[in-house]
1. Being of a type in the set (Asp, Glu) and either modelled with pLDDT of 80 or more or closer than 30 Å to residue A:91 by Cα (or both) narrows it down to one residue among B:46, B:67, B:50; which is it?
2. For segment A:117-140, how many residues meet the condition of being open to solvent by 30 Å² or more (accessible area, probe 1.4 Å) and part of a helix (DSSP H, G or I)?
3. Quick one: in segment B:1-48, of everything that is within 14 Å of chain A (Cβ to nearest Cβ) and touching a Ser or Thr at 6+ places or on another chain (Cβ under 7 Å), which residue is farthest from residue B:68 (Cα to Cα)?
4. Could you tell me which residue of segment A:97-151 is modelled with the highest pLDDT, considering only residues that are among the small types (Gly, Ala, Ser) and out of contact with any helix residue (DSSP H, G or I) (no Cβ under 7 Å at 6 or more places or on another chain)?
5. Being more than 16 Å from residue B:101 (Cα to Cα), of a type in the set (A, V, I, L, M, F, W, C) and either in contact with a Phe, Trp or Tyr (Cβ under 8 Å, 6 or more places away or on another chain) or open to solvent by less than 10 Å² (accessible area, probe 1.4 Å) (or both) is the requirement here; does residue A:143 meet it?
6. Residue B:62 fails exactly one of the following numbered conditions: (1) away from chain A (no Cβ under 13 Å); (2) under 30 Å from residue A:45 (Cβ atoms). What is the number of that condition?
7. Among what's in segment A:102-116 and is in a helix (DSSP H, G or I) and within 8 Å of another protein chain (Cβ to nearest Cβ), pick the residue that is nearest to residue B:97 (Cα to Cα).
8. Could you run through segment B:108-128 and say how many residues are free of Cβ contacts under 8 Å to residues at least 60 places away in the same chain and either more than 14 Å from chain A (Cβ to nearest Cβ) or assigned to a helix (DSSP H, G or I) (or both)?
Amino acid sequence: MSEAVITTENFTRCFGDFTAVDKLNLVIERGEIYAFLGLNGAGKSTTIRMLLGMITPSSGKVNVLGHEVKADSTIWQQVGHLVESPTAYPELTVRENLEVVRLLHNLKDRNVVDRVIDQLNLGRYKSRKAHALSSGNLQRLCLARALISEPDLLILDEPASALDPAGVVEVRELLRTLAKEKGTTIFMSSHILGEVDRLASRIGIIHQGRLIEEMSAGDLEARRQPELHLHTNNLTKTILVLSERGFSATTYTSANNLEMLTITDQKAVAHPEQIAKILVEAGLPPTHLSVEQEDLEKHFLRITREAQQ
Amino acid sequence: MNSISRALKVEILKMRRSRVPSLCLLAISLGPIVGSLFMIILQDPEHAKEMGIIGTKAQLAGSADWETHLSLLPQIISTGGTIVYSFLVAWIFGREFSNRTVRYLLAVPTPRPAIVTAKLIVATVWSIILSLWVFFCGTMGGILVGLENLEIDFLLLSFKEYSITSILTIILITPVAFVASYGRGYLPALGFAIFTVFLGQISGVLGWGGYVPWAIPALYSGAAGPRADFLFPGSFPIVIVTSLLGLIATFWWWKTADQRE
C-alpha cells in the first residue's frame, strides 16, 4: 500500500496582498520522484520553504513524514534539503562543511563524511575551502549535505542548476538509484525540463501560486500534443501558402539551430501528406516533415500560457 | 553528546577558521598599548613632546602610577569592548544571513535554541578571553614602561573593578545578537552598536547615564568621574533586564524565524 510522505491541504501563503501560494493540495507518496515546475515567481521556492518549516503557511496544513511541520520541527533527521542557490561556510573546507552537517544531524558514524564525498565525486576537493569551489562543485557539496544522513525524503530546489552536462547526468542517476533502491522520496523543482522529463515519476505545474496541472510520467505522454514539424527552402512563403489554406504555422529554432516551422492543427497532424501535397503544388517541396510529440518544455510553456490567458 | 555540545563544536570550528576573532584580539589590544603609551608620556611629558609622541598643546590628566594606569583599563573595556564585542556577536549571528547558511540551519535536527545557545556561549567566552587579555596586556605594559610599587592587593582590587565593568559590557551583547538576527545581517547590528555607544556618551553628558544601559558600564568604570555621582541602585538591574530582553528576543526570533527574503 502506498504511503504519503508529503501531504498539503489548502496550503496558502500570502505576503501582504500578494498570494504566493494559493490553496495547494499535494500528496507525494513514498519512493516518488515528484518534479515541481513553474515559472520564476510561480511559488515553487515558497512551497519548498514551507515544506521545510522555514515559512509558516498563512492557512492550510502541511504534513511531512507523518508529522505536522512547525518552525522548529523534529523531523529533519529524515529530511535532506537544498534550498535555492547553493551556500556553504566559505572559510571551511568541503570536509569541514560536511563535518558541520554530521554534527548538526547527530550522525555518530564519522565515516559518513568520506562516504558522501565519494558518492558526489568530491574527493579531489575535500581539502579545498568552499569559497574556492566552482559553482558546480559548490552545488555538489550542497547535494552531499542533503544526502549525508541518508534521508527518507529529499527536498531539492534546482538540484542540477549549476552542474555541467556530465554532472547533470551523474546526479540524475544518483537520484534515480536512491528512489529505486532505497525508496527515497524526492521532491524537486527544476528549470532543466529535459532532466525532469527523464527523471520524474510525477510532475506538478504551479502557476501564479496555483497547481494548474499534475500528472504522472505516463499521463504526460498521453497529454502531450503531437505537432507537425517541417522545413522548406522558403519559410516566409511557406507560412503564407499554408495560411491561405487555413493552417497556422509558427517558426522555431530546432536543437541543431535550424529555423523550422511547426503546425499544431490536429487536421494537419493527422494528414501530413496533405500538407506535403500543398507545398509541392506551391513549388515549396518540404526538406523535412515529421510528426512529433511536444516535449515537456513545450508542454509546460503551452500550459502556463493557457493559464495566463 | 547533547545538541548544545554538538552546536558548540560547530561554532568553535567556525570561529577557529575565521579571521574575525583574531581581528577582534588585535583591535582590543590597541587599548592597553595606548594606555601604556600614556604612562610613558606622563612619566616625562617634556621628553615626549621632544620625541613628537604628543603635540605641544596636549594635556593628559593623571600621573604615571599604577592607580592611573589600571583605572584606564575599565574605561578602555567599557567603550572599546562595547564596539569589539558587538562586532564579534554581530558577525557570529549575522554571518549566517550574509553567507545565506541560515536557510540550512533552520531545518536541521539540532534544535534552534541549541544553535543560539552555542553562538552566545562562543561570543561570551571569546569576549571574556579578550577582557582577560586586555587586563594582562595592561599589567604587562605597566611593568614594561617601568611603573613601580605594584601591590598585589591593589592589583586584585583593580581586577575586581575591571571584571565588573567587563561583565556589564559583555552581557549587553544580547540585544546586538537580536538586531543581527532581526536585521538579517551584521551591518544592522554594527549600526546598532555604534548607536548604543553614541547613546551612552550623550546620556552620560546629559546626566541620564544611570538610566541608560549602554552608559552604565562606562560610568561604573569611572570614565566620567566618581560613579556614585551618576549611578543609582537601579542601574545594575537596568543592564541585567536589557540583557535578558535581548536574550529572550534572540531566542524568540530564532524559534519563530520566518524567511521573507
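The values are calculated or read from the model by the stated rules, or taken from the named source; none is laboratory data. Treat the numbers as computed from the prediction; the structure is a model and nothing was measured. Methodologically, a virtual Cβ is constructed for each residue, glycine included, from the backbone with ideal geometry; neighbour enumeration extends over all protein chains shown. Side chains included, ligands, DNA and RNA excluded: accessible areas come from the protein's heavy atoms. Shrake-Rupley method; radii C 1.70, N 1.55, O 1.52, S 1.80 Å.
1. Details: B:46 fails: either modelled with pLDDT of 80 or more or closer than 30 Å to residue A:91 by Cα (or both); B:50 fails: either modelled with pLDDT of 80 or more or closer than 30 Å to residue A:91 by Cα (or both).
Unique residue meeting the criteria: B:67.
2. Within segment A:117-140, the first condition is being open to solvent by 30 Å² or more (accessible area, probe 1.4 Å), and the residues that meet it are A:118-119, A:121, A:123-129, A:131-132, A:134-135, A:138.
Filter once more, so that each one left must be part of a helix (DSSP H, G or I): A:118-119, A:123-125, A:131-132, A:135, A:138.
Of the residues in that region, 9 qualify.
3. Initial filter on segment B:1-48 (within 14 Å of chain A (Cβ to nearest Cβ)): B:1-23.
Then keep just the ones that are touching a Ser or Thr at 6+ places or on another chain (Cβ under 7 Å); that gives B:3-4, B:6-7.
Working: B:3: 46, B:4: 43, B:6: 45, B:7: 43 Å.
My answer is B:3.
4. Kept after step one, since they are among the small types (Gly, Ala, Ser), are these residues of segment A:97-151: A:123, A:127, A:130, A:132, A:134-136, A:144, A:146, A:149.
This time we only want the ones that are out of contact with any helix residue (DSSP H, G or I) (no Cβ under 7 Å at 6 or more places or on another chain), so: A:132, A:134-135, A:146.
Numbers: A:132: 94, A:134: 90, A:135: 88, A:146: 91.
Going through the qualifying residues, I end up with A:132.
5. Working: more than 16 Å from residue B:101 (Cα to Cα): no; of a type in the set (A, V, I, L, M, F, W, C): yes; either in contact with a Phe, Trp or Tyr (Cβ under 8 Å, 6 or more places away or on another chain) or open to solvent by less than 10 Å² (accessible area, probe 1.4 Å) (or both): yes.
So residue A:143 fails the test.
6. Of everything listed in (1) away from chain A (no Cβ under 13 Å); (2) under 30 Å from residue A:45 (Cβ atoms), residue B:62 misses just condition (2).
7. Going through segment A:102-116, the residues in a helix (DSSP H, G or I) turn out to be A:102-104, A:111-116.
Next cut, within 8 Å of another protein chain (Cβ to nearest Cβ) only: A:103-104.
Values: A:103: 20, A:104: 18 Å.
Once the filter is applied, the top-ranked residue is A:104.
8. Final tally of qualifying residues: 5.
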